Amino acid sequence: MSLKKYFLFLLLFLSVTTLLAQQPQKPSSVEIYHQIQKLNFLGSVLYVAAHPDDENTRLISYMANHIKARTGYLSLTRGDGGQNLIGTELRELLGVIRTQELLEARKIDGGEQFFTRANDFGFSKVPDETLKIWSKNEVLEDMIYIIRKFKPDVIINRFDHRSPGTTHGHHTSSAMLSIELFDQTNDPKVYPNQLKYTSIWQPKRLFFNTSWWFYGGKEKFDKADKSKLNNFDMGVYYPSFGKSNQEIAALSRSRHQSQGFGSTGSRGDEIEYLELIKGEAAKDNKNIFEGIDTSWSRVKGGSIIGNLISEIEKEFDFKNPSASIPKLTEAYSQIQKLEDEHWKNIKLEELKKIISACAGLYLEAVANSQSTTPGSTLKVKLEATNRSDQKMVLNTINTHPASVNTMSITPLENNQPTYFDIELKINLNHEYTAPYWLKEAGTVGMYTVSNQENIGIPDIIRTISVTFLVEINGVVIPFERKVIYKYNDEVKGEVYKPLDVVPVATSSILDKVKIFNSEKSKSVGVKIKAGKDDLTGDAFLTAADGWKVFPKSIPFQINKKGGETTLYFEVTPPKNSAEIIANSYVVVNNEKLDKEQINIQYEHIAQQQVLAFSEAKFSKLDIIIKNEKIAYIMGAGDEVPLYLSQMGYEVTSIKPEEITQENLTNFQVVILGIRAYNTVEELAFKQQLLFDFVKNGNTMIVQYNTTGKLTVKELAPFSLKLSRDRVTEEDAEVRFLAPNHKILDFPNKITSNDFKGWVQEQGLYYPNEWDATFTPILSSNDKGEEAKNGGLLVAQYGKGHYIYTGLSFFRELPAGVSGAFRLFANMISIGTKTN
């Protein structure tokens, strides 16, 4: 086996392993060689769509790895309005998860990630509605700014701007805005304030990434005339990676775990098609960069650099990558002289990574704790290890914030680690770690980001860092490393986590929705968490006039950083129905601290900290519940059981294997969580037991499932067919089709007022065909559409009742929507005798 083939085999072997998302990259010789090849391509392409998971990862991987272009994905939103298959986080918290999933996807397919301020407010059927809620001008402004910064030669839209109403309104809007901005990015009169931070730019071409889906089916697409479309084969095999382009794309797409987009890679030819929408047509329909100089000649003084990098690529020694360092540092010096700031900065960063990788240069700054607080002193251990024969010297380090520590010039000998201990004084006014787009109050459709320079940045902005200034061949190169935290886990081994700046104390109200169905007081817990040792202070819970909270404050003491204590206040509601937002806060050393800390932890993404105002909704409801015992079968994940318990029900979560005839005798009601029949395979073997449970005089409530793969042949004891029907206007009029039905009258009288204040959407994936045994209860529709009558269906089966509902209770209950609680109580009590 040749040496080169050996390294290809080694990379293939290593690629099957999975590393934690936070661990630093340690590229192999083959990966370094791939990075060197990309140094010699000065062209860029930007893919544009609306949400995480909209992107064509095959195309992104192809452009980044085969064409070797700088490739970006601009997702207008962070996917806040989607569902969550891996946990209970929704809205902004789900947006944080999906942001990280996209960043992990880009690490795999080689792209870069960008976002606008647009908030994914939920499904929208037409772009007119989308652009009204989003604030069209602000989204357009962000897109233009990102394009001026990224400077793509080519833009590719995922969606067709000519098909409003045929797909998600966000999808069509992304394409429409991309078309509109194409002729504006080069106009200095358009958003001139942006030019303080960037410069005008004109892309060469704009394409639409068409496919069979837009033709109404594969058969129609096969017959269509595609002679004028640009096309190229996605089925490239990369021997250096041991994978096909589709296999890389599948790994990338599989990072979208919260949306259930695990994908199996394929092999073989696969043609992708692009339709030119704007710009100059290319004669070669397989080269979207035709007529664009993508060599170093496109920048003044760049030819000599291109020749030098070509030599480096030609002479690269897979066994000894460090042999390339002298010429790489020469290229670094040459690039520093360029006038073109755009390509200069991009290629300098690429070169630094390559030089570091060639030398096996390991630089790291590790804090002694995962979190720190403003005004504190953070201890950090530095490591600098050169694992090559290349001579280099660590001249100095720069820190942010500044360190009072000093160090002498230190030679970095081959494979001899150098360690330093430093202390960083965190400024009293240092910002807490949190997603920057959540720090200011936004609207339903837009996040607020006051700092123009932050627009487009995908991730949390972390500023605590150490810059190692290393002299190599007379060239001083700054290598910046963010300060992180790591520890050894007995099972996982080395675990990395980002460093967070936290308040000295945070508080959270345990129940985010507290239901009061009488005038009796209830105990409300407030959890306090310490951000430092020896914490003392006072905790407060505040509510609106008419609500009584006792005591006014409670003193607390927590000895250890990270420690928690829970304090309890007695809250008495007013006589009349009311809904309020209650807040908790603590006072430490006369400083009021009103934030709640939310940590999001999943194996496939980096740990995330979100800081939000500590609040909860208190509802004095005119609601009656009975004493039904409920078994809840979780599906994709929701918090409905928690809120049913809040209402006063006895709720038991049962696993599929616990569904037995004997176990079910302990309950009067079985409720299936959202998408249970999409996600729980075992239900296929338990369905008859559940139907028998109903037949024997009990109640079964099934919440929404999608039209995708179902784990059962029959959803109900009678014929029932799902559709993609949905009512996205949460304030759409609700009409009662069966006004005298028990479910609208017992134990609570349901009126039109119970559908006021619903959030995001009324419901989704309604059935559109059902057996005559079912009684449709409600009717509603979005403006201009036909009535949707499948939101709540009730059928008597034997002695019991089967209920199917597409109403979005999984959103309404956590939002504290009183009518949703009242209607759900009636669904539960449908089998209970009226007195």
- Right, ASN748: assigned to a helix (DSSP H, G or I), buried (at least 21 other Cβ atoms within 10 Å of the Cβ) and either among the polar types (S, T, N, Q) or modelled with pLDDT under 95 (or both) or not? no
- Task: Could you tell me which of the residues GLY816, GLY791 is at positive phi and surrounded by 21 or more Cβ atoms within 10 Å (Cβ to Cβ)?
- Result: GLY816
- How many of the residues in the range 56-90 are part of a helix (DSSP H, G or I) and free of Cβ contacts under 8 Å to residues at least 60 places away in the same chain? 2
- Selected residue [in contact with a helix residue (DSSP H, G or I) (Cβ under 9 Å, 6 or more places away or on another chain), aliphatic (A, V, I, L, M) and part of a loop (DSSP other than H, G, I, E, B)] from ALA820, ALA825, ALA732: ALA732
- Message: of a type outside the set (Ser, Thr, Tyr) and free of Cβ contacts under 8 Å to residues at least 12 places away in the same chain: is that true of GLU330 in this structure?
- Response: no
- Message: Restricting to the range 107-121, name every residue that is touching an Asp or Glu at 6+ places or on another chain (Cβ under 6 Å) and either surrounded by fewer than 23 Cβ atoms within 10 Å (Cβ to Cβ) or under 30 Å from PRO24 (Cα atoms) (or both).
- Response: THR116, ARG117
- Query: When you look at THR699, is it of a type in the set (Val, Ile, Thr), under 37 Å from the mean Cα position of the chain (by Cα), farther than 23 Å from GLN83 by Cα and modelled with pLDDT of 95 or more, yes or no?
  - Reply: yes
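To keep it simple, each residue is scored yes or no on (1) at pLDDT below 95; (2) surrounded by 19 or more Cβ atoms within 10 Å (Cβ to Cβ); (3) under 23 Å from CYS358 (Cα atoms).
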residue	(1), (2), (3)
GLU383	no, no, yes
LEU394	no, yes, yes
ILE409	yes, no, yes
LEU412	no, yes, yes
LEU424	no, yes, no
THR433	no, yes, no
TRP437	no, yes, no
- Item | Sole exception among (1) in the same structural domain as ILE409 (by TED's automatic domain parsing); (2) outside any loop (DSSP other than H, G, I, E, B) for TRP437, by number | (1)
- Task: State whether one or more residues within the range 159-167 are farther than 21 Å from ILE60 by Cβ and buried (at least 21 other Cβ atoms within 10 Å of the Cβ).
- Result: no
- Positions within the range 518-542 being basic (Lys, Arg), over 30 Å from ILE625 (Cβ atoms) and not in a strand (DSSP E or B), in sequence order: LYS532
- Selection within the range 78-115 - β-branched (Val, Ile, Thr) and either in contact with a helix residue (DSSP H, G or I) (Cβ under 7 Å, 6 or more places away or on another chain) or assigned by TED's automatic domain parsing to the domain that holds VAL640 (or both): ILE86, ILE97, ILE108
- Scan the range 799-818 for residues that are modelled with pLDDT under 95 and over 28 Å from the mean Cα position of the chain (by Cα) and jot them down. SER818
- Query: Can you tell me how many residues in the range 597-613 are of a type outside the set (S, T, N, Q), farther than 17 Å from PRO458 by Cβ and in a strand (DSSP E or B)?
  - Reply: 4
- Query: of a type in the set (Asp, Glu) and without any contact (Cβ under 8 Å) to a residue 12 or more places away in the chain: does that describe GLU383?
  - Reply: no
- Selection from the range 494-537 of residues that are modelled with pLDDT of 95 or more and among the hydrophobic types (A, V, I, L, M, F, W, C): LEU499, VAL501, VAL502, VAL504, ALA505, ILE509, LEU510, VAL524, VAL526, ILE528, ALA530, LEU535
- Query: Considering the range 285-312 alone, what residues qualify as being in a helix (DSSP H, G or I), exposed (fewer than 14 other Cβ atoms within 10 Å of the Cβ) and touching a residue at least 24 places away in the same chain (Cβ under 8 Å)?
  - Reply: ILE304
- If only one of GLU564, GLU570 is modelled with pLDDT of 95 or more and either over 36 Å from the mean Cα position of the chain (by Cα) or not assigned by TED's automatic domain parsing to the domain that holds LYS512 (or both), which one is it? GLU570
- Message: Checking the structure you have, find out if any residue of the range 317-332 is on the phi < 0 side of the Ramachandran plot, in a helix (DSSP H, G or I), among the aromatic types (Phe, Trp, Tyr) and under 37 Å from the mean Cα position of the chain (by Cα).
- Response: yes
- Query: Here are some conditions: (1) surrounded by 13 or more Cβ atoms within 10 Å (Cβ to Cβ); (2) at negative phi; (3) in contact with a Lys or Arg (Cβ under 8 Å, 6 or more places away or on another chain). GLY456 meets all but one. Which one does it not meet?
  - Reply: (2)
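The values are calculated or read from the model by the stated rules, or taken from the named source; none is laboratory data. On a predicted model such as this, the values are computed, not experimentally measured, just so you know. Positions of Cβ are generated from backbone atoms using ideal geometry, with glycine treated the same way; all protein chains shown enter the neighbour counts.
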